[in-house]
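The values are calculated or read from the model by the stated rules, or taken from the named source; none is laboratory data. Everything numeric in this text was worked out from a predicted model, so none of it was measured. Note that we place each Cβ from the backbone using ideal geometry, even for glycine, and neighbour counts take in every protein chain shown. These accessible areas exclude ligands, DNA and RNA; they are computed on the full protein's heavy atoms, side chains included. Shrake-Rupley method; radii C 1.70, N 1.55, O 1.52, S 1.80 Å.
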Amino acid sequence: MKVLLIGDGARENALAYALEKSPNNYRIYAMSSYINPGINSIVKRSNGEYFVGDINSSDTIENIIRKVNPDLGVIGPEEPLFHGVADVFRKEGIPVFGASRKCAKIEESKAWARELMWKYSIPGRLRYRTFYTIEEAAKFILEYGGSVAIKPAGQAGGKGVKVVADLEAYLTQDKREALMKSVKDIGNLYNKEGEPKIIIEEKVDGPEYTLHVLSDGKTTIPLPLAQDYKNAYQDGIGPETGGMGSISGPHNLLPFINEEEYNITYDIVKATIEAIYKEVRESYVGVIAGQMMLTELWGPTVIEYYSRFGDPEASAIIPRINSDFGEIIELTATGHLNKGKIEVNERASVVKAVAPLGYPISRQMASGHRISIDLDKMRENGCIVFFGSISMEGMQLITKGSRALEIVAIGELEEASEKVDKCINYVSADTKLVYRSDIGKNINYQIEKAEIVRYSYMNRQRKGILGVSADWSPNGGLW
Ligand SMILES: Nc1ncnc2c1ncn2[C@@H]1O[C@H](COP(=O)(O)OP(=O)(O)O)[C@@H](O)[C@H]1O
Ligand SMILES: [Mg+2]
């Protein structure tokens with residue numbers, strides 16, 4: 001069976017790894033914007049073929065589909081989904097693991113996602129306002145005076161969210177100017193005719209986690225929880241990145257999220273899949289994720305949705321699935337997920353991204369370096385390696401400016417974290433490499449934080465006021 005995989009990062013390497021591991025002998029073809037060495041080895045071993053081109057171009061993908069004539073499509077990243085690449089596969093009559101353009105709007109437009117949650121009364125929704133101009137948004141922030149999260153209303157390459165706490169204390173003249181500058185910057189990130197530019201939400205606080213759910217349009221299967229470590233540096237400081245690592249487990253949970261919270265989160269994502277169907281009249285096929293926060297307001301609360309696997313969350317989850325995940329992908333795409341069963345390794349996993357110095361501030365500084373990796377030694381030490389932003393140029397491996405590798409180990413969290421650190425010794429480059437050694441460690445801190453939040457939201461639950469904000473006024477007020 002021929003599979004055409006679209007995408008170029010570590011997440012797609014993890015998907016290719018699952019397909020290769022399947023006893024179904026998938027022949028793997030790939031289409032990326034550069035040659036990812038990890039995907040390339042899998043393509044070669046399975047006698048497939050590698051194509052390089054624009055993964056967001058429906059025309060290019062259509063040509064490749066006609067050339068390869070695949071039996072199955074698998075789409076990794078969100079951008080091709082936003083451009084309707086899954087629809088191209090379906091138009092050609094090929095089952096595909098990937099949301100249609102209309103369904104992927106749940107991720108593409110944060111404004112649409114919030115509107116949907118309110119329209120269908122999905123729990124875990126936050127109050128929000130959308131704005132078409134920077135001036136209106138700025139006026140709202142100043143009048144409201146409370147804590148808010150300011151975001152581009154639609155996807156703008158993942159970055160740009162600004163969380164502003166305690167606004168009144170914030171508003172000295174200098175800070176006010178700085179705030180207005182960020183509103184302007186955020187407002188300029190997303191420009192789509194007829195759509196709002198900025199969304200402002202009430203600010204919440206608590207530990208974050210992600211639940212991925214597979215959906216074939218009829219059946220859904222939830223995957224183990226994962227947590228993404230977004231900040232560039234140790235202990236959660238520094239600029240936000242695409243994710244410097246992630247953890248998953250043990251079992252289906254994380255040490256700071258309990259089973260009931262897992263089930264509530266699953267219900268939220270299922271309700272979202274149903275609401276999407278009611279709105280766009282298309283079944284959700286592929287994977288959808290709730291990027292969640294455990295808050296005092298609601299307990300499980302939606303921060304945003306993904307219409308694909310999170311990266312690096314996928315690298316933490318996929319290697320923990322003991323059942324044939326390649327086949328599960330196929331069953332999802334073909335509408336037979338009711339035949340699928342997922343068995344998960346009960347131990348935890350830790351993923352660390354390794355990036356060249358400069359990431360995420362200066363892509364240029366992080367690009368163009370030679371990197372070498374002793375894969376055998378890493379495997380001997382119990383790690384799995386997924387290639388990210390590295391391209392194969394002849395026999396050389398060259399960094400492309402983002403997270404170069406994701407290294408995964410399975411075990412107890414602390415033990416797995418140390419295992420990964422050891423494996424990182426087998427990576428070298430002609431520049432400094434950075435990674436976070438704290439991933440999977442100090443988990444007690446998060447457990448304590450969750451306990452405090454849990455105490456408050458359960459109190460609200462008892463009083464029947466989940467989701468009700470203190471300054472809520474149904475017929476007026478600023479929100
Ligand atoms: N309403 C909110 N309250 C508090 N923090 C938030 C809120 N919305 C987002 N954040 C923080 O900002 C981060 C990025 O926001 P998100 O909506 O996930 O945008 P993106 O990942 O597209 O940049 C979140 O992971 C969370 O830490
Ligand atoms: Mg996010």
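Any chance you could tell me what percent of the C-alpha pair distances in the chain go past 28 Å?
The calculated P(r) of the chain puts 52 percent of pairs beyond 28 Å.
If one takes the longest principal axis of the Cα atoms in the chain, at what angle in degrees, from 0 to 90 and to the nearest 10, does the Cα axis of helix 259-280 lie?
90
Can you give me the % of accessible surface on the chain that is carbon or sulfur? Probe 1.4 Å, all protein chains present, nothing else counted.
The C+S portion of the solvent-accessible surface of the chain is 47 percent.
Enter the mean projected area of the convex hull around the alpha-carbon atoms of segment 72-132, in nm², rounded to one decimal.
Average of the hull's projected areas for segment 72-132 equals 5.3 nm².
Among LYS119/LYS181; LYS2/LYS91; LYS139/LYS175, which pairs are too far apart, with a Cα-Cα distance over 24 Å?
Correct reply: LYS119/LYS181.
So for each of 451-457, 11-17, 286-292 I average, over its residues, the number of other beta carbons within 10 Å; can you give me the resulting order with the highest mean first?
Sorting 451-457, 11-17, 286-292 by mean packing, highest first, produces 11-17, 286-292, 451-457.
Run the helix sum for the chain: -39,500 (n - 2.57) per DSSP H stretch of 4+ residues, divided by residue count, reported at 222 nm to the nearest 500 deg cm²/dmol.
Using -39500 (n - 2.57) per qualifying helix, the result is -10500 deg cm²/dmol.
Once the convex hull of the alpha carbons of segment 269-312 is built, what does its volume come to per residue, in cubic angstrom?
Considering the Cα atoms of segment 269-312, their hull volume per residue is 78 Å³.
Can you compute the equivalent ellipsoid semi-axes for segment 342-479, i.e. the square root of 5 times each eigenvalue of the Cα gyration tensor, sorted largest first and rounded to whole Å?
For segment 342-479, the semi-axes come out at 41, 22, 12 Å.
Before I look further, what does segment 133-196 give for accessible area per residue, probe 1.4 Å, in whole square angstrom?
54
Each label point is 7 Å from the Cα along the Cα-to-Cβ direction; what then is the distance between the points at ASN338 and GLU282, in nm?
Modelled inter-label distance: 2.5 nm.
Hey, could you get me the Stokes-Einstein D for segment 181-222, Kirkwood radius over alpha-carbon pairs, 4 °C and 1.567 mPa s, rounded to whole µm² s⁻¹?
In µm²/s, the coefficient rounds to 91.
Starting from 0 in steps of 10 Å, tell me what percent of the Cα-Cα pairs of segment 255-399 lands in each bin.
The distribution over segment 255-399 is 8, 26, 32, 23, 10, 0, given as percents.
Measure nothing but the geometry: give the 0 to 90° angle between the long axis through the Cα atoms of 134-144 and the longest principal axis through the Cα atoms of the chain, rounded to 10°.
Here the helix axis deviates by roughly 50 degrees.
With a/c under 1.5 counting as rounded, go ahead and sort segment 1-112 into rounded, prolate or oblate using the C-alpha gyration tensor (a ≥ b ≥ c being the square roots of the eigenvalues; past the cut-off, prolate if a/b is larger than b/c, else oblate).
prolate
Mind checking which lysines have their C-alpha under 17 Å from LYS341, skipping anything on the same chain fewer than 8 residues away?
LYS21, LYS218
How are the alpha carbon pair distances in segment 133-196 distributed across 5 Å bins from zero to the largest one, expressed in percent?
3, 18, 30, 25, 13, 8, 2, 0
How far is helix 58-68 tilted, in degrees, relative to the longest principal axis of the Cα atoms in the chain, given as a value from 0 to 90 rounded to the nearest 10?
It is inclined by approximately 30 degrees.
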